[in-house]
4 protein chains.
Amino acid sequence: MSDPLTQLREELALANRILVRQGVLDAFGHVSVRHPQRPDRFLLARNMAPASVTPSDVLEFDLDGNAVAEPGAKVYLERFIHGEVLRSRQDAGAVVHSHSPSVIPFSVARGVPLRAVSHMGSFLGESTPVFEIRAVAGESSDLLIRDHALGRALARTLGAGPAVLMRGHGVTVLGATLREAVFRAVYTEFNARIQAEALKLGPVTFLTAGEAVASAASNASQIDRAWNVWKAQA
Amino acid sequence: MSDPLTQLREELALANRILVRQGVLDAFGHVSVRHPQRPDRFLLARNMAPASVTPSDVLEFDLDGNAVAEPGAKVYLERFIHGEVLRSRQDAGAVVHSHSPSVIPFSVARGVPLRAVSHMGSFLGESTPVFEIRAVAGESSDLLIRDHALGRALARTLGAGPAVLMRGHGVTVLGATLREAVFRAVYTEFNARIQAEALKLGPVTFLTAGEAVASAASNASQIDRAWNVWKAQA
Amino acid sequence: MSDPLTQLREELALANRILVRQGVLDAFGHVSVRHPQRPDRFLLARNMAPASVTPSDVLEFDLDGNAVAEPGAKVYLERFIHGEVLRSRQDAGAVVHSHSPSVIPFSVARGVPLRAVSHMGSFLGESTPVFEIRAVAGESSDLLIRDHALGRALARTLGAGPAVLMRGHGVTVLGATLREAVFRAVYTEFNARIQAEALKLGPVTFLTAGEAVASAASNASQIDRAWNVWKAQA
Amino acid sequence: MSDPLTQLREELALANRILVRQGVLDAFGHVSVRHPQRPDRFLLARNMAPASVTPSDVLEFDLDGNAVAEPGAKVYLERFIHGEVLRSRQDAGAVVHSHSPSVIPFSVARGVPLRAVSHMGSFLGESTPVFEIRAVAGESSDLLIRDHALGRALARTLGAGPAVLMRGHGVTVLGATLREAVFRAVYTEFNARIQAEALKLGPVTFLTAGEAVASAASNASQIDRAWNVWKAQA
């Protein structure tokens, strides 16, 4: 029997592989989980391709994005996404940042919010905010969340929801648990694909706010089933 | 030589794997078949991911959705789909419920009925009904068919046809046999993909009612060929 | 060293597997080649799934669609496609009939002819005719080419070109050689995908008639390279 | 320890396999790299399918497209693309020519320039030029870059940018290094897919010129990570 932290490192490595296999991550993107004993810490792989992450590549960070036990480690430039979202959202236990291909179009198409159209994407509710980095970093940024200020601005746009699109860049999704964050990341991509196709066909009926809440509650109990299927494939 | 019921359990497990491999089912959805000796019973896997179903996971249900031989078994919440469709449709021998990705857009795009555009989807005829759960369960349901009343309402919307779309959720398809239900589920997805692409190109010529009937009759003799190909791949 | 007919049977079995692997054929469709010594005969598999065809499944047919050496063999219902196209087109050495998924939308979208938009699809020229079976078989046919009269009508619509779309059904493509027919079948699907996407973006520049002729002549020398790549994958 | 030229031949063979695996090349297309010691020479495979290229298939060419050490070798007809781009662009170290499927629609849809919409495609900047071969070769060319004059005309349209679309044909992408050219070829395809989907949704916010420059500079340090992931998959 391994201790909870060791198990979580293994689960985080697996989450990386699952997200690659499901088409959410490619050579880029990352997934973090809050430390099980210390809520002011989180676990995140060193700077590397998600598909290659093993438990020993998982480092411990404080919410400022410092690798506490291995200060000289090569770390992800955008670790501030994880630190600031976990700081501002006490209910968040895990964060996925990706360049999810069907989601990016919704980050750049003006006036077409990503929202729950399939019950599997019900957690998205009636609208997903878009973080326009120009409002904070000006007209010539590299679009990356490369410091605390940008991380905090992203967290403000995220607000109380499960996901925030990043214009011309990608999406950040959170969950109460690592498995919920992974589940939501996969079904954000799924919902985006369905929504885009539906919008091409004609006027679309979306989930009501009430349906979104009720359906998200029902789906919460199904997360482990999906996780186990994806684990077997990864 | 195994008895018919044992063979049917094996075929049902295989149908689950085929539907996953063909992109109709993912971690969710289910397929049932009517009991070969007792038409008031049906076979359905216990609550689990379709890809993992083995013959020993197949349970026997009455049409009310009770697992008759294993009352404490963990069962699918939406087993009422199967019970009520099989109750209302004496001609139905098997039922597939899925979140078929190309079909869902037709469940939410208003005024664009899914219909036969390819001869392989001819069984769909001139229109596929859409079950709007709001009309029965109100504005804040979780979209799931979680009781008898919803199952009966779904069966009423299905009427005498081979398929019913479920708004924001998925589709339920039936067949006289298990293989026919699987065949129709796969080609409902295929037809939806073709129809969506055709509608983006221009005004579309669909099959006439007469063509749909004639073509569906011809295709009925081809089901085993498709089944055997899919079996080899699954 | 095997004789030409034995080699051709092997190549025809391989062509079936290639077309499945390239997404042109699925459980349905078929490919034929004219007999190397007797131009009034052709080779075609017995009625079976393309992926499973072996050299010993290849039968010899006369142009009327009779299996000459094995009169009781189970044969494809639509063998008349092959017989009548080979009869009317002395320049044709092989014929592919498929339900090529990106091509079918062009068979039903009115006023949007499939035509050469990519130099790899240059053989398609400025327009591909669509066979509307209703004009011959009336409003209630099963869309299949189930007799000589329908085969002849299809061949008339084909005319002198390389391909004919079949409304709501699929496409028939020919080549001077088996490899050319396979090459054209694969790139008809490719061109259709490119054309559909381009038409969604804006007004499209197609190949001129002169470009189509010149490009098709250049590509003719590249067929073996594609064949060998596809052979290695099949 | 092998010498730089031997290493480069191995890397070029790998680049071919990577580009096939990533869906940029199929049976056609080619990738070259400038000779590490002689800037007036480049390395390119003999005329063959990219997936099969081994280090021993890599030949040395002068910028006129002559295979210097093996004058009778079978060479790519379109080697002039590589020679003339490398001649006109001293900053280019490698060139990829492909029929990248999501890019071709942008080569034929008038008035819809391919441009940076995702930060991964930021190197594309505000517009990608389209080479209209008709302006040079007239109305009846085969669309191929089959001589020096066409190669020079293509290089002129390319100008100082990273990529040039070729109407109805494909795209040519360059990089300072082989890995950068491969990275750009893969993300040109990615960006095209995102841009096409976004344009179908509504009016699109593209990267500003400043964002494109800043993001491209940031991404330049990430090329090896992507290369290593693709290498593991190839």
Counting only residues 5 or more places away or on other chains, whose amide H sits under 5 Å from the amide H of B:ALA45 once H atoms are built in the peptide plane? B:VAL31, B:LEU59
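Can you tell me the relative contact order of region D:1-150? Whole percent, Cα pairs under 8 Å, sequence separation 6 or more. Show your work: numbers first, answer last.
Numbers: 210 pairs, mean separation 29.9, N = 150.
The normalised contact order for region D:1-150 reaches 20 percent.
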In whole Hz and in residue order, list the ³J(HN,Hα) couplings for region A:47-58 that follow from phi through the Karplus curve 6.51 cos²θ - 1.76 cosθ + 1.60, θ = phi - 60°; x for Gly and Pro. 5, 6, 6, x, 5, 9, 5, 10, x, 6, 8, 7
0 to 90° range, to nearest 10: angle between helix A:148-158 axis and chain A longest Cα axis: 40
Relative contact order (percent) for region C:93-182, with alpha-carbon contacts under 8 angstrom and 6 or more residues of separation? 44
Considering amide H positions built from the backbone, and no H for Pro or chain starts, which residues 5 or more places from C:PHE131, or on another chain, come under 5 Å of its amide H? C:LEU165, C:MET166, C:ARG167
One decimal, nm, shortest first: give the distances between the label point of A:GLY159 and those of the same position in the other copies, each label point 7 Å from Cα along Cα→Cβ. 4.2, 4.2, 5.9
With a Förster distance of 35 angstrom and the Cβ-Cβ distance between B:ALA176 and C:ASN228, calculated FRET efficiency to the nearest 0.05 equals 0.15
Leaving out ligands, DNA and RNA, what percent of the accessible area of the protein assembly as shown is carbon and sulfur, probe 1.4 Å? 52
How far apart are the D:GLU126 label points across copies, placing each 7 Å from Cα toward Cβ, in nm, shortest first? 3.9, 3.9, 5.5
Classify region B:1-98: rounded, prolate or oblate, from the alpha-carbon gyration tensor (a ≥ b ≥ c, eigenvalue square roots; a/c under 1.5 rounded; otherwise prolate if a/b is larger than b/c)? rounded
Under-5 Å amide H pairs with B:SER100, H placed in peptide plane, nonlocal only: B:VAL171
7 Å from Cα along Cα→Cβ at both B:SER56 and B:ARG156: what's the point-to-point distance in nm? 4.3
Angle in degrees between helix D:4-21 and the longest Cα principal axis of chain D, rounded to the nearest 10: 40
State the antiparallel share, in %, of DSSP beta bridges confined to chain B, rounding to the nearest 5. 90
Name the residue, out of D:LEU154, D:LEU207, D:LEU174, whose mean-square fluctuation peaks in a Gaussian network model built on chain D with Cα pairs under 10 Å. D:LEU207
Label the protein assembly as shown by shape, choosing from rounded, prolate and oblate, from the square roots a ≥ b ≥ c of the eigenvalues of the Cα gyration tensor; if a/c is under 1.5 it is rounded, and otherwise prolate applies when a/b is larger than b/c, oblate when it is not. oblate
If the label point is 7 Å along Cα→Cβ of A:ALA135, which residues in region A:70-108 have backbone nitrogen under 15 Å from it? A:107-108
Rounded to the nearest 10, the angle in degrees between the Cα long axis of helix D:209-220 and the longest principal axis of the Cα atoms of chain D comes to 40
Just to confirm the numbers: D:ARG41, label point 7 angstrom along the Cα-Cβ line, distances to the other copies in nm, shortest first? 5.7, 5.7, 8.1
By the C-alpha gyration tensor axes a ≥ b ≥ c (rounded if a/c is under 1.5, else prolate when a/b exceeds b/c, else oblate), the shape of region A:84-206 is oblate
Let me check I've understood the local charge: for B:ALA234, count other residues with C-beta under 10 angstrom from its C-beta, Lys and Arg +1, Asp and Glu -1. What total comes out? +3
Leaving out ligands, DNA and RNA but keeping every protein chain, what accessible area does B:ASP26 have, in Å² rounded to the nearest 10, with a 1.4 Å probe? 50
Which single residue of chain D puts its beta carbon nearest to the axis of rotation relating D to B, and what distance, in whole Å, does that give? D:LYS200, 4
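Give me D for chain A in µm² s⁻¹, whole number, from Stokes-Einstein with Rh from the Kirkwood sum over alpha-carbon pairs, 4 °C and 1.567 mPa s.
Numbers: Rh = 17.7 Å.
Rounded to a whole number, D works out at 73 µm²/s.
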Could you report the accessible area of C:SER215 in Å², rounded to 10, computed with a 1.4 Å probe on the protein chains as they sit in the structure? 0
Using a 1.4 Å probe on heavy atoms of the protein chains only, the accessible area for A:SER107 in Å², nearest 10, reads 10
Among A:ALA94, A:ALA49, A:ALA13, residue whose mean-square fluctuation peaks in a GNM of chain A (springs only between Cα atoms under 10 Å): A:ALA49
Given Cβ point charges of +1 (Lys, Arg) and -1 (Asp, Glu) and nothing else, what value in debye, to the nearest 20, does the dipole of region D:1-157 about its Cα centre take? 240
Using the crude model of +1 on Lys and Arg Cβ and -1 on Asp and Glu Cβ, and no other charge, please compute the dipole size for region B:129-234 relative to its Cα centre, in debye to 20. 120
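With an 8 Å cut-off on Cα pairs and a minimum separation of 6 or more residues, tell me the relative contact order of region B:130-212 in percent. Show your work: numbers first, answer last.
Working: 54 pairs, mean separation 16.9, N = 83.
Relative contact order for region B:130-212 comes out at 20 percent.
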Protein chains only, probe 1.4 Å: how do D:VAL108, C:VAL68 rank by accessible area, largest first? C:VAL68, D:VAL108
Which one of D:PHE183, D:LEU143, D:PRO162 has its Cα pushed farthest toward the positive end of the charge dipole of region D:131-234, where Lys and Arg give +1 and Asp and Glu give -1 at the Cβ? D:PHE183
Among B:ARG79, B:ARG134, B:ARG34: highest mean-square fluctuation, GNM of chain B, C-alpha pairs under 10 Å: B:ARG134
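The values are calculated or read from the model by the stated rules, or taken from the named source; none is laboratory data. Computed from a prediction, not measured in an experiment: that's the story for all the values here. Here the Cβ is made from the backbone with ideal geometry for all residues, glycine too, and neighbour counts use every protein chain on show. These area figures cover heavy atoms from the full protein model, side chains too; ligands, DNA and RNA do not enter into them. Shrake-Rupley method; radii C 1.70, N 1.55, O 1.52, S 1.80 Å.
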